[in-house]
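Before any comments, here is the structure.
Just so you know, all these numbers are worked out from the coordinates, no wet-lab data involved. Keep in mind that what you see is a predicted model, and the values were worked out from it rather than measured. Positions of Cβ are backbone-derived with ideal geometry, glycine not excepted, and every protein chain shown enters the neighbour counts.
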Amino acid sequence: MAAEPRTPAGRWVGAALSSYGLLVLIVATVFGGLDRQILVLLAEPMRQSLQLTDTKLGLLQGAGITLLGGVAAVPLGWLADRYGRRSVLAASVLVWAVATAAFGMATDFPALLLAAAGMGIGEVGLSPIVFSLIPEIVSPRRRVLANGVYALAAIFGTGLGIALSGAMVHSLDALRPLLPAALQGLESWRLTFLAVALQGPLVALAVLLIRLHPQRASSQSASTATARPALRDYARAHLRCMVGVFGGSGLAGLGLAASGNWLPVIATRSFGADAAAVGQGMGAAYLLGTAAGAAMGALGMRLLGQRLGLALPMRVTAIGAGLAALAAGLMPLAPNMGTLYLLFGVQVMALIAGSVLMPTLLQDMAPVDLRSRLIAIASVVSVLLGALSPVLVGALSDLLSATPQGLLMAVTLVGALAFALAALLMKSAEQAVAATVQSIHPHLVRQDPI
C-alpha cells in the first residue's frame, strides 16, 4: 500500500485534491436533489396547469422520481464497483440533466411520469456512488471526518436549495423579458426546471476531474487480482443487519417525506402562501433542524460512543425516529403554518442526529468490492419506501377530502406510523449490526469521534 505524501507540499496537494473531490460530491448531490425540491414547491401551480389530482402528484413525487428510478440503483452500483465510480457518477448526472429538461417541457401526465423516471434514474445513482467514493478520495484516518462534512454539507445544501428554489422562481419571472422569445411564454415551473438542467454538464465534467487518494487507488488495483465476494453470500450471512439498517432508514425517510412533500401543498392550498414564502419557511425549518440535529449527533457520539460502541448509530436513529413520531402526531393541533414549520424542523432535527452517523456505518458494514452495490440496495429500499409516502398521503387525502383537514390528517397518519415502525426496527437490530461490522473489520470496537 502506498504511503501518504510526507513532504509539506505533497500533503498540501493531497489535501487540496481530497477537498476538491469532496466539494464536487456535495455539489453533485445538491443539484441532484433540486428537481425534487422544485417539484415540491411548485406542485400546486403545476397541478392547476395540467389539472392533476393529488394522487397523480403523489405518483410523480413517489413512483416517478423515486420508485421507477430506484430500479436502476443496483445495476448502477454493479457498474460502479466494476468499471469506475467516477465515470458512472458523471453519466448519472447527465441522465438527470436531460430528464429534468424533459420534465420542464412535458405537456401531459404520461410525459411527466416518464421524465420523472429519468430524473430518478440519474438521481438514484448519486448516493451509492458518492458514499463509495469518499473512502477513495480521502485518507483512511480522515474518512469519518469526511463523511461527517459531506453529510452535513449535503443536508445543509438541501435546505438551502429549498430556500433558493423559491427565490429562483421569482428571479426567472423578473428576467422573463430578457429570455429568448420561445421561452418567454413558458410557465414559471417550466422555466425553473430548464434553468436547473443547464447546470448538469458542468457538474458532470467536475466529477470526471476528481482524483483518487494514492492509498485507495493502489488498493483498488490489488483487489482486482483477488476473488470478489458474492453478494448473495453476504446477504445470507448478514440479512438481519441489512433489514435493520436499510428498513429502519427507509421507514424514517418515508415519514419525513410525508411532511416534506406535502406541507408546501398545505401552505399554498390552505393558507394562501406563495412559492417564495413556502421556500423560505421550509428552508429555514430544514436548515435549523439540520444544525440542531448535527449538534445532537456529535454530542451523542462523544457521550455515548464508548458505551454503545458500534450500536451507536442505530440507537441514536431509533431515539430520533421516536421523537419524530411525536412531532408528527402533534401537527393537526397546529394553529398556523409557523407551527407546522416548527414541527417539521423537529422531525428533521430528530432524524439528522442519526443520519450524520450512518454513512460511516454503511461503509463499515460492506466489503470494499460490494460497497457500491450494498449502498445501492440501501438506496433501493429507501426509494421503495419513500415512493410510498406521497402516494399513500395523496390517496388518503383524496379519501378524506370531505373533512376540513383531510390532507393534514393524511400527512400525520402516514408520518407518525412510519417513524414509530422505524424506531422499533432500528432498536431490535443493534446487536446484529455490531456483529456484522466486527466480522468485516475486527479491529473496530467503537465509533471514532468526528
query: Based on the inverse mean of 1/r over its pairs of different Cα atoms, what is the Kirkwood hydrodynamic radius of the chain, in Å?
result: 22.2
- line: Relative contact order of the chain (C-alpha contacts under 8 Å, at least 6 apart) in percent is 27
field: Pair LEU205, LEU175: separation of 7 Å Cα→Cβ label points (nm)
entry: 1.8
Cα-Cα separations in the stretch 239-325 greater than 22 Å, expressed as whole percent: 42
- prompt: Rounded to the nearest 0.05, what FRET efficiency is calculated for TRP12 and ALA402 with R0 set to 60 Å and r the Cβ-Cβ distance?
  reply: 0.35
task: Please identify the helices of the chain, taking whole runs of DSSP H, that span at least 18 Å along their own axis as judged from the Cα atoms and have a mean Kyte-Doolittle score of -0.5 or higher.
output: 8-41, 85-105, 109-124, 143-174, 248-271, 275-308, 312-329, 337-355, 371-399, 406-428
- request: May I ask for the net charge around LEU23, where only other residues with Cβ less than 15 Å from the Cβ of LEU23 are counted and Lys, Arg are +1 while Asp, Glu are -1?
  value: +3
query: For GLY120, what is the net charge nearby, where nearby means another residue's Cβ is under 10 Å from its Cβ and Lys, Arg count +1, Asp, Glu -1?
result: -1
task: Could you tell me whether the stretch 321-378 comes out rounded, prolate or oblate from its Cα gyration tensor? Rule is a ≥ b ≥ c as square roots of the eigenvalues, rounded for a/c under 1.5, then prolate if a/b exceeds b/c, otherwise oblate.
output: prolate
message: Taking a ≥ b ≥ c as the square roots of the Cα gyration tensor eigenvalues, with a/c under 1.5 meaning rounded and otherwise prolate when a/b beats b/c, else oblate, which class fits the stretch 372-450?
response: prolate
message: Against the 2.2 N^0.38 Å scaling, with N counting residues, where does the stretch 292-450 land? I'd like the Cα-based Rg ratio to two decimal places.
response: 1.18
field: Projected label distance in nm at ALA111 and GLN280, using a 7 Å step from Cα toward the beta-carbon
entry: 3.5
